[in-house]
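Down below is the structure, laid out as structure tokens.
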Amino acid sequence: MWDLHHGPGRVQEPGQRAAWNAWQRNPAGARGSLETSELDMRTTRTDSLALLATALAAAALGACATEPPRTPEERAADTLLAQQVEAALDGDPRIYARHVNVTSDRGVVTLTGMIWSNEDYLLAKRDAEGIPGVVRVNASMDLVRGGISGTSR
């Protein structure tokens, strides 16, 4: 097979052959489609830049949307709430909560530390949710299997 562009024996890809045939039929039309393709590329590049600029603006606004520092009254209320949750955990005879740490931030209570069974995990979370003023409970406690083996029960 002879190819005008590549010499004898070169096999063309189907798309190359179609483009060559289109150019042979109408050289001006083939150039026109190339110009249209370049225009599409420029439009796509412009659209991509606009999308990138929008994403960067949204990220900048999101970074500015942090909460203001807590007032002394909010800090005192959070301290009281954490103490109430700790008292509820310590007062529940069904769980061993000595290794559970309690923090509070605007009514959101976080439980960290170690617990010894799945039941302790659920009970600690329920005890914290039962305190008035608790908005939500984030339970991030580590389950330690066989840690105390029920020695406090």
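Residues whose amide H falls under 5 Å from that of residue 138, counting only those 5 or more places apart or on a different chain, are 109, 110, 111, with hydrogens built in the peptide plane.
Mean sequence separation of contacting Cα pairs (under 8 Å, at least six apart), scaled by the length of segment 96-144, corresponds to a relative contact order of 43 percent.
Note on 79, 110: ascending count of other Cβ atoms within 10 Å places them as 79, 110, the fewest first.
Read the figures in this text as sums done on the coordinates, not as results from a lab. All values derive from a computational prediction rather than experimental measurement. In this analysis, Cβ positions are derived from the backbone assuming ideal geometry, glycine residues included, and neighbour counts consider all displayed protein chains.
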